[in-house]
Amino acid sequence: MISERMQRTLEGGKAMAELFTAGERLAKQFGPENVYNFAIGNPNVPAPASVKDTIIDLVTNTPEVALHSYTGPEGFKDVRKAIAEHDREKYGVDLTEKNIFMVAGAGGGLNAILLTLLDEGDEVIVPAPYFPEYEAYVNNYGGVLVDVPTKPGTFELDPREIKKAITRKTKVVLINTPNNPTGVVYTEENLRDLEKVLVDKNNDLGIDITLVSDEPYRDLIYGDAYVPFIPKFYDNTIICYSFSKSLSLPGERIGYVTLPDSVTGFKEMAAGLSTAIRSTFVNAPAIMQKVAAACINDECDIAYYERNRDALFKGLTDIGYECTTPNGAFYLWLKAPMDDDAEFAKKAEDYGILVVPGSAFKGPGYVRVSYCVAYETIEAALPKFKELFDDVKAGR
């Protein structure tokens, strides 16, 4: 028999797992051309040409033994140095290769961080709504996830709620900006308010909370939005980044953890993180480490996503839907026009529309609409969204 922990994980992830088969099911029912799949956050714009060129060059000109060998758990030194130099220039902070740890995507990075930090029963505070895999990641290492509400309507962090949730068992506060599923980018003011709460509670309770910032969508931002370098104002911060979205490489599993010198017990933490990486996935994919370093100044076609965002937001709000303005990532957080978000998502399938119930993200009453789709899909889907809205309002 599988473990009780895995049984709980399977039950908790059932809704998300079903999304991967729902598209095929609806395609058989309505025909592929009549299915509008806004369920999966899978980048649909191609990677920059530099990615392909770099891979070809590496495979052609690098000795195979060197190209396909193990790396140290932290990753290639030259790769880490290149990334540190890039981020040092971008954020105006002091980073070297010793602060960078290459990981198998943001998920691999978060697992390594939590394995390093958590003892049985330690609490991890997560603002809701949140990416549902966080619960599995925390449970993997005996932690307890404590979800707290964000500010109604804006879905920004609510430092007061976080403050109420902190106990002597609190080890980590885990945030995600730009946020999946809401598309909200936490402002510097909002993050500084969080910093004040953490410092005060650390002093009051004699603890040292680690702030973990999950930032795989950091470079998918629109307008004047930006993601600040949080360790500038809260020392004990670890950052997890992925190239999955910025370079459209979700299947290649490459990212990195930034461990600033200011992190509490830096040397011990660095040793623990290296060991955690080695004991979970050995090392990040070797070829993709080299690709990431070579292409770190490149990005996918973000303007494509911005065009989709604008078209979908305007189209849906013109119909009458209430939506949170997304300033980052590629998700629209839409208020379900009926009480039960899961029931609304199910009803949407009758119109060939696939969205994710907000309750899967601990955000009941909403649905997530992923706009990493063809622009033509949005154009074709909007009339169906209107039919759906009109029928719901009419009680049909």
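Of note:
- Stokes-Einstein D (µm²/s) once Rh is taken as the Kirkwood radius of the stretch 281-396 over alpha-carbon pairs, at 25 °C in 0.890 mPa s: 155 µm²/s
- Kirkwood-Stokes translational diffusion coefficient of the stretch 166-300, alpha-carbon pairs, 37 °C, 0.692 mPa s, µm²/s: 201 µm²/s
- Per the Cα gyration tensor, the stretch 299-360 maps to an equivalent ellipsoid with semi-axes of 23, 13, 11 Å, ordered largest to smallest.
- Gyration tensor verdict on the stretch 1-157 (Cα atoms; rounded if a/c is under 1.5, prolate if a/b is larger than b/c, oblate otherwise): oblate
- Taking all Cα pairs closer than 8 Å and separated by 6 or more residues, the relative contact order of the chain comes to 23 percent.
- Average silhouette area of the stretch 1-92, convex hull of alpha-carbon atoms, in square nanometres: 12.3 nm²
- Mean separation of Cα contacts under 8 Å, 6 or more apart, over the residue count of the stretch 294-396: relative contact order %: 27 percent
- Length-normalised contact order for the stretch 158-297 - Cα pairs under 8 Å, 6+ apart - percent: 19 percent
- CD proxy at 222 nm, helix term only [per DSSP H run n ≥ 4: -39500 (n - 2.57); per residue of the chain; nearest 500]: -14000 deg cm²/dmol
- Over all orientations, the stretch 101-179 has a Cα convex hull whose mean projected area works out to 5.4 square nanometres.
- Rg over Rh for the stretch 166-211 works out to 1.04, both radii taken from alpha-carbon positions and Rh defined as the Kirkwood radius.
- Cross-link pairs Lys245/Lys290; Lys163/Lys245; Lys171/Lys362; Lys171/Lys196; Lys98/Lys201; Lys90/Lys201 - those with Cα-Cα distance over 25 Å: Lys163/Lys245; Lys98/Lys201; Lys90/Lys201
- Peptide packing for 328-337, 62-71 was compared via the average number of neighbouring C-beta atoms within 10 Å per residue; ordered from the highest value, the list is 328-337, 62-71.
- For Lys314, net neighbour charge (Lys/Arg +1, Asp/Glu -1) across residues whose Cβ lies under 14 Å away: -2
Laboratory data are not the source of any read-out in this text; all were calculated from the coordinates shown. Note that this is a predicted model, so its numbers are computed, not measured. Cβ atoms come from the backbone with ideal geometry, glycine included; neighbour counts cover every protein chain shown.
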